[in-house]
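Here is the structure we will look at, set down as structure tokens.
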Amino acid sequence: MSLANEKSTKNNTLVEVRNLKQYFPVSYGLFSKKYIKAIDDVSFNIKRGETLGLVGESGCGKTTTGRSILRLYEPTGGRIIYDGVDITKVDMKPYRKKMQIVFQDPYASLDPRMTVGDIIGEPIDINKLAGSKKERTYMILEMLNRVGLNSEHANRYPHEFSGGQRQRIGIARALAVNPEFIVCDEPISALDVSIQAQIVNMFEELQEKMGLTYLFIAHDISVVEHISNRIGVMYLGKLVELADSHELVFHNVHPYTRSLISAVPIPDPASSRKRKRIVLEGDVPSPLNPPSGCRFCTRCPYADERCKTEEPKLTEISNGHYAACHHLDKVQGN
Amino acid sequence: MRKTLLDIKNLRLSFFTPAGEVKALNDISISMQEGDVLGIVGESGSGKSVTASAIMGLTAYPGKIIGGTIDFNGHRINEMSEKEMRKIRGKEVSMIFQDPMTSLNPVYTIGNQIMEVLKLHTDLNKQQAYERSVELLKLVGINEPEKRLKQYPHELSGGMRQRVMIAIGLACEPKLLIADEPTTALDVTIQAQILELMMELKNKINMSIIMITHDLGIVANMCDKIVVMYAGKVVETGTADEIFYNPKHEYTKGLLRSIPKLDSEKHEKLIPIEGTPVDLLNPPAGCPFAPRCGQCMKICLKRMPEFTELSDTHKSACWMLQKEAFEQKRREEK
């Protein structure tokens, strides 16, 4: 019985992040050291085959979260469980085949001295996936095909391609090892609007075909809402709200999520005239000295004494909808 | 009838690079009235920013205006000398740049940089200029202005720096403010603050704004009139409602189809514009959008279409419209 239970959880949840902490030391003066708490006690699950979106402003820790899950940083605390196995401390080599990443800047993430074929071939070589040279070539062409490029592109260099095509190469490289899980770290924000839709559609098609699971990190909420099943909102290293994407956009409860969603410009003149924006005061505080209590309290219209001292916990308010705020009733009343 | 503030007629501007002539602006005409908020949208390389710098008289080498006229507020800008241009630049027309991190001088204090504009264009003495700077910073919503004036750009956050840029732009209460992607480098909540501020100030000192952006959401929120550019050509102009609810050019239609809308209830697949942006070194002979256009006809590849006037404010350059008009005429004749 217990074994069967374990198996079913193993099947449903692919990535589990428990109380993840990631602090970066910064020297401060000659002897004292301070820490930037890039992620502070964040927990969430990613189900097999789903897309979890992470949104938030710059410096909120969304990219760090993605990289920590892949152990590109060594987490300061907490656990990362991949497919039922705790990978927080293990050798990552066998997992690199299963977990991949697509980076934000397609101009910086491809080696300018390697041909496209070699860029895609490198992960195949490292993981010894191809038995012969012929098979390797075949696999590279197959990958190029899959991302909408053709075989003649394999002998060219990255500078010969446009931004959208380079991002396709980056995606082909991630797909080359046949992964299960891909962290997409702002994969479209460097691209032109007319190209973004091509790449977004490709992510969706690949997911359908290959059964991929995505952690999709972006600051453009309309795109994240489009591609994700669930969305998590981060603020200063904390997860403040997590819900189904539709629920999060239309029935959000955290005051930060509210202002964030209301600040997104909607490409429709009539509805944007009607819409009421909640404009936040001030800037995001420095993560070096985050406010005590709730981290949003310095900009929150509902903040009171309690918020300044006591940190709200992420609690489930309805099925699958989590939020961390002391004043949910007041926010919802509005 | 309001006064015409800016009238660009048949402007041609090319960059003479070692690789050949790049026709950055190819016969564009744009006009705007006093008090208008004009939005210019288009992807990178479409000529938005080049248009802005031409209005400012800041076309950089190897760029050169090779035809057409720019009339602004009674000045023929393309025939003015640099000395004459300096008198109106910053006074009658000023510009906010995309990146507030690099467009402020890092070795001068904020105060120094604001007062420089006042010293050049007004006959305020030192004390008066200082008082005016304090006033300006208050106007753009910066608290503790006296303290900020003594600070250097690196001591301020991105949003604050962009506010300082706006304060500098507004120092002489210009007739026209050109904002070249003013919020692209900022987070959405800060973006909302800055856009709100610009609209508020526009009403306060009665200036006109040219808003250059690739974000259709921003345009829908702010602009009365929209110019859509593609590959150095104006392809469609109209009021915000005309462009968003009744787009006539295939590029405009494609652009609107390809962006995810946050307020749509169901999950619709995005319809991307296929292909990649044109290479301006070798532009196609006919309509620049033809190679990516789903409705492309033979003539599109050979000749550039004329503008079809759809209303007093709405016009679009597409052969499809010419064809429709022709067919209608023939039907009437019968």
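The values are calculated or read from the model by the stated rules, or taken from the named source; none is laboratory data. All values derive from a computational prediction rather than experimental measurement. Glycine gets a Cβ as well: all are built from the backbone with ideal geometry, and neighbour counts include every protein chain shown.
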Note to self: Where the second residue is among the hydroxyl-bearing types (Ser, Thr, Tyr) and not in a helix (DSSP H, G or I) and the first is within 8 Å of chain B (Cβ to nearest Cβ) and lies in the stretch A:187-213, which pairs have Cβ atoms under 8 Å and are six or more apart or on separate chains?
What the structure shows: A:Asp192/B:Ser44; A:Ile195/A:Ser162; A:Ile195/B:Thr276
Notebook entry, point to check: Just checking, which of B:Ile209, B:Ile194, B:Ile226 is hydrophobic (A, V, I, L, M, F, W, C) and more than 13 Å from chain A (Cβ to nearest Cβ)?
Noted result: B:Ile209
Notebook entry, point to check: In the stretch B:4-44, how many are outside any strand (DSSP E or B) and out of contact with any Gly (no Cβ under 9 Å at 6 or more places or on another chain)?
Noted result: 7
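Pick from A:Gly59, A:Gly49, A:Gly53: which is in a loop (DSSP other than H, G, I, E, B) and either under 22 Å from A:His254 (Cα atoms) or among the β-branched types (Val, Ile, Thr) (or both)?
Details: A:Gly49 fails: either under 22 Å from A:His254 (Cα atoms) or among the β-branched types (Val, Ile, Thr) (or both); A:Gly53 fails: in a loop (DSSP other than H, G, I, E, B).
Unique residue meeting the criteria: A:Gly59.
Each row is one residue, and each column tells you yes or no for (1) touching a strand residue (DSSP E or B) at 6+ places or on another chain (Cβ under 8 Å); (2) crowded, with 20+ Cβ neighbours inside 10 Å.
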{"site": "A:Asn229", "(1), (2)": "yes, no"}
{"site": "A:Pro291", "(1), (2)": "no, no"}
{"site": "A:Pro301", "(1), (2)": "no, no"}
{"site": "A:Cys307", "(1), (2)": "no, yes"}
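Can you tell me which of B:Ile271, B:Ile243 is within 13 Å of chain A (Cβ to nearest Cβ), of a type in the set (Val, Ile, Thr), out of contact with any Asp or Glu (no Cβ under 8 Å at 6 or more places or on another chain) and under 26 Å from B:Leu321 (Cα atoms)?
Residue meeting the stated conditions: B:Ile271.
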Notebook entry, point to check: Yes or no: B:Thr276 in contact with a Ser or Thr (Cβ under 8 Å, 6 or more places away or on another chain) and away from every other protein chain (no Cβ under 14 Å)?
Noted result: no
Next item on the list: Just one of (1) without any contact (Cβ under 8 Å) to a residue 60 or more places away in the chain; (2) more than 20 Å from A:Ile199 (Cα to Cα); (3) in a loop (DSSP other than H, G, I, E, B) trips up B:Asp241, so point out which.
Entry: (3)
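If you go through the stretch A:262-314, how many residues are in a helix (DSSP H, G or I) and either in contact (Cβ under 8 Å) with a residue 12 or more places away in the chain or among the hydroxyl-bearing types (Ser, Thr, Tyr) (or both)? First the steps, then the outcome.
At the first step, the residues of the stretch A:262-314 found to be in a helix (DSSP H, G or I) are A:262-263, A:269-274, A:305-309.
Subset that is either in contact (Cβ under 8 Å) with a residue 12 or more places away in the chain or among the hydroxyl-bearing types (Ser, Thr, Tyr) (or both): A:262-263, A:271-272, A:306-309.
Of the residues in that region, 8 qualify.
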Check: For the stretch A:105-155, what are the residues that are surrounded by 13 or more Cβ atoms within 10 Å (Cβ to Cβ) and of a type in the set (D, E, K, R)?
Finding: A:Asp105, A:Asp118, A:Glu122, A:Arg136, A:Glu142, A:Arg146
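Of the residues A:Ser259, A:Ser271, only one is within 12 Å of chain B (Cβ to nearest Cβ), touching a Leu at 6+ places or on another chain (Cβ under 6 Å) and at pLDDT below 95; which?
A:Ser259
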Margin query: So B:Lys138 ticks every box in (1) in a helix (DSSP H, G or I); (2) at pLDDT below 90; (3) within 14 Å of chain A (Cβ to nearest Cβ) but one. Which box is left unticked?
Written below: (3)
